[in-house]
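Report on one structure; see the data block that follows.
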Amino acid sequence: MIRCASLPALLLAAAFAASPRSAAAAPPPRPLVVTVDDLPVAAGGLHKDAADRARVTDGLLAALAKHRVPAVGFVIWGNVKEPADRAILQKWIAAGHELGNHSFSHPNLTRSAAEGWIADGEKGRAGLDGFLRERERVLRFFRFPYLNEGDTPAKLDAAREWLARSGQRNLTVTIDDQDWSFEEPWVSAERKGDAAGLARVGADYLAALQLSVRHAEETGDRVLGRRAPQVLLLHANAVGAANWDRLFSWLEETGHRFAPADEVVADPVFADLPRLAATHGFSLWDRLAALQRETAAREGVRKLLEVQSQAWSRGDIETFCSTYAEDATYVSLSGLTRGRQEVLERYRRRYPGREAMGTLTLDVVEMRTAWGIEVSLLDDAVPGRVQSVSVVARWKLVRTGQPDATGLTLIVLRPKADGWEIVQDASM
Ligand SMILES: [Zn+2]
């Protein structure tokens, strides 16, 4: 989640384009659970007056009630400072919504040690749990601040272990968006009495959310191979209070049904969340898409190694060498070879004819993929494509009349239009 920039005009136009949906062909409405982060009120620095926070809350709850939306609100317990803040939480409960834990002080797991981060989350859990128990409510859900679930496997596992141990469930987001970034311009326009500014920010807020919903639907349906249920991320803020009515109307018009959290998380995809260590917060669909790309990369490289060993074993040294990049570097105990053509000629000199080549097997000892963060059209961090794969493999040559030969190789590959190519090969 990074700060939102201005939206390209073309995308805005696309978002507002009518969605053709004939009554006869309409699929059943897509279940969507609305989740609202940063209660009592997000961007507290802009809402220091308790009456202002109450007004924002009333606006949010009115829109939810009008559209019969059962929401889950996530509380930053450290921001529940005065009786007025408790009154806000009480209003959410009285309106029939569920409250979940969003930590005490909203720490970023990527920038924290696991122990300190868990201690903060536990402080938030204990505070909210006490509040809910007094009202005979149960705390069930947790929302990771910034959606950051751990940048290392160890932190990811530590956070999950704490959630399991403390009886909290990660209500992960499938529609990640930048709704929070419109709050400052909205409040600023409101306080200046700038009606045109309010109209502009409101339109951008809606357009950005519509694009995020569309993107999450396309990605979710693609990675699941079926109609994906959705978990929408919103924030408890003034721009939301003024614009949720329009947002919810649009969601209804475009085939969504506001579903309770229990119904949506009963979908099997939420039973086993992907274990993807990442520095930034991603939606569930982006996490799954990243893992699918990683699996595809590994399969593509395995296929290339198979092509290599089969070509070698039938004496086809040209096909064997076609897997090298034009500018590949080959390193062996006998020295350095540069370029595919030179690699081919070296092999031809050393293995003149099929008998000298024998039968090759390549057993993968280790395969690593490298990918980073990319920026979406909406200026949000998303997992990037796999940029390179490195492989440690054991090669073995079986030749008639000669002892078997074996050794290790380290191969570095990069993606090309229709698969992978070897850019570096160190064989010994
Ligand atoms: Zn938050």
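The values are calculated or read from the model by the stated rules, or taken from the named source; none is laboratory data. Since the structure is predicted, the reported quantities are computational estimates derived from the model, not experimental observations. Glycine gets a Cβ as well: all are built from the backbone with ideal geometry, and neighbour counts include every protein chain shown. Areas reflect the complete protein model, heavy atoms only, side chains present, ligands, DNA and RNA absent. Shrake-Rupley method; radii C 1.70, N 1.55, O 1.52, S 1.80 Å.
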Next item on the list: Using DSSP, restrict attention to beta bridges with both residues in the chain and report what percent are antiparallel, rounded to the nearest 5.
Entry: 60
Next item on the list: Counting residues in region 107-175 as N, plug N into 2.2 N^0.38 Å and put the Cα Rg over that result.
Entry: 1.11
Item checked: Residues whose placed amide H lies under 5 Å from that of ASP37, excluding near-sequence neighbours -> PHE74, LEU234, HIS235, ALA236
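About its Cα centre, what dipole magnitude does region 116-210 give when the only charges are +1 on Lys and Arg Cβ and -1 on Asp and Glu Cβ, stated in debye to the nearest 20?
Using Cβ point charges on Lys, Arg, Asp and Glu, region 116-210 gives about 420 debye.
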Margin query: Which residues among region 314-341 fall inside the zone where the amide N is under 20 Å from a point 7 Å beyond the Cα of VAL423, along Cα→Cβ?
Written below: 321-332, 336-341
Item checked: Separation in nanometres of the label points that stand 7 Å from Cα toward Cβ, at SER166 and GLU299 -> 3.9
Next item on the list: With r as the distance between the Cβ atoms of GLU342 and ASP404 and R0 = 25 Å, compute the FRET efficiency 1/(1 + (r/R0)^6) and round to 0.05.
Entry: 0.35
Check: Ignoring ligands, DNA and RNA, what percent of the 1.4 Å accessible area of the chain is carbon and sulfur?
Finding: 54
Next item on the list: Subtracting the Cα-Cα distance from 0.36 nm times the residue separation, let me have the gained length for ILE373 to LYS81 in nm, one decimal.
Entry: 101.5 nm
Check: How far apart, in nm, are two points set 7 Å out from the Cα along the Cα-to-Cβ line at ASP363 and at GLU134?
Finding: 6.5
Check: Which pairs in the list LYS48/LYS91; LYS155/LYS303; LYS48/LYS123 are over 29 Å apart, alpha-carbon to alpha-carbon?
Finding: LYS155/LYS303
Next item on the list: Find the percent of Cα-Cα distances in the chain that exceed 35 Å, and round it to a whole number.
Entry: 42
Checklist line | Rounded accessible area per residue of region 102-259, 1.4 Å, Å² | finding: 39
Notebook entry, point to check: Okay, helix-only estimate at 222 nm for the chain: each DSSP H run of n ≥ 4 adds -39500 (n - 2.57), divide by all residues, round to 500 deg cm²/dmol; what do you get?
Noted result: -14000 deg cm²/dmol
Checklist line | Residues of region 146-181 with amide N under 14 Å of the 7 Å Cα→Cβ point at ARG226 | finding: none
